[in-house]
Structure formats: structure tokens, C-alpha cells
Amino acid sequence: MTFYQELQLSSTGSKQLIKNTKDPKERRRHILIYNFKVYLVMAFCVAVVSLYSKLIGSENSVVGVTVLLAVLVLRQADFGSWRRSRSRR
């Protein structure tokens, strides 16, 4: 599995991959990639809230956090779009 493919895994998928890997060197690689993914998301969150605060004003930073959380939640939502439902038939 490539680095990019591992970044695309969900948290559950990454944890299962780590758990099921027997080779200590490979397991350490999976753990490092998982940690990198967590820090990458954190850096994105800090950057978005900081940018939002600079553009809209620091008194509205709570709104920036709310918008960010909405984006992160909606990114994972499955609305059963037409393309997805057609491909399952």
C-alpha cells in the first residue's frame, strides 16, 4: 500500500492495518503515517481557523471553528447521491 493510499484510509481502517501488521518495521511505518495524518488534519484546522479569524475578525473565531467542524462532519456524510446509488445496482 502506498503512502497516499494509507492517508485515504479512515481511522478505523488505519487502526486495523496497524493491528493486523506482524512485521515490526512495517507496523512502525503504518503508525508514523497514521500520526502524520492526524497532525496534517490538526495543521489544516489551525490554518483554517487562523485565516478565518484574520479575514472576518478575531471576535468571530467561534464561527470559524463552527464552520470548520461543519466541513469536517459533512465531508464524512453519505447522502446517498445518485451516482453512488446507481453504481451499487
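None of the figures in this text is laboratory data; all of them are computed from the coordinates on show. If you're wondering where the values come from, they're calculated on a predicted model, not measured in any experiment. In this analysis, Cβ positions are derived from the backbone assuming ideal geometry, glycine residues included, and neighbour counts consider all displayed protein chains.
Between F79, F44, F36, the Gaussian network model of the chain with springs among Cα atoms under 10 angstrom shows the greatest mean-square fluctuation at F79.
Helix 24-56 and the long axis of the chain differ in direction by around 10°, with both axes built from C-alpha atoms. Applying the criteria of a DSSP loop state and at most 11 other Cβ atoms within 10 Å to the GluC sites (Glu not before Pro) of segment 1-64 yields no site. Among the trypsin sites (Lys or Arg not before Pro) found in segment 1-77, those both in a DSSP coil and sparsely packed, with 11 or fewer other Cβ atoms within 10 Å of their Cβ, are K22.
Between helix 11-20 and the chain there is an angle of about 20 degrees, using the helix long axis and the longest principal axis of the Cα atoms. At a Förster distance of 30 Å, what's the computed FRET efficiency of R28 paired with A77, Cβ-Cβ distance as r, to 0.05? My answer for the efficiency is 0.35. Using a ≥ b ≥ c from the Cα gyration tensor of the chain (square roots of the eigenvalues), is it rounded, prolate or oblate, where a/c under 1.5 gives rounded and otherwise the larger of a/b and b/c decides, a/b for prolate? The shape class here is oblate.
A straight Cα-to-Cα reach below 23 Å connects K15 with the lysines K25, K37, residues fewer than 8 places away in its own chain not being considered.
With contacts taken as Cα pairs under 8 Å at a separation of at least 6 residues, the chain carries a relative contact order of 18 percent.
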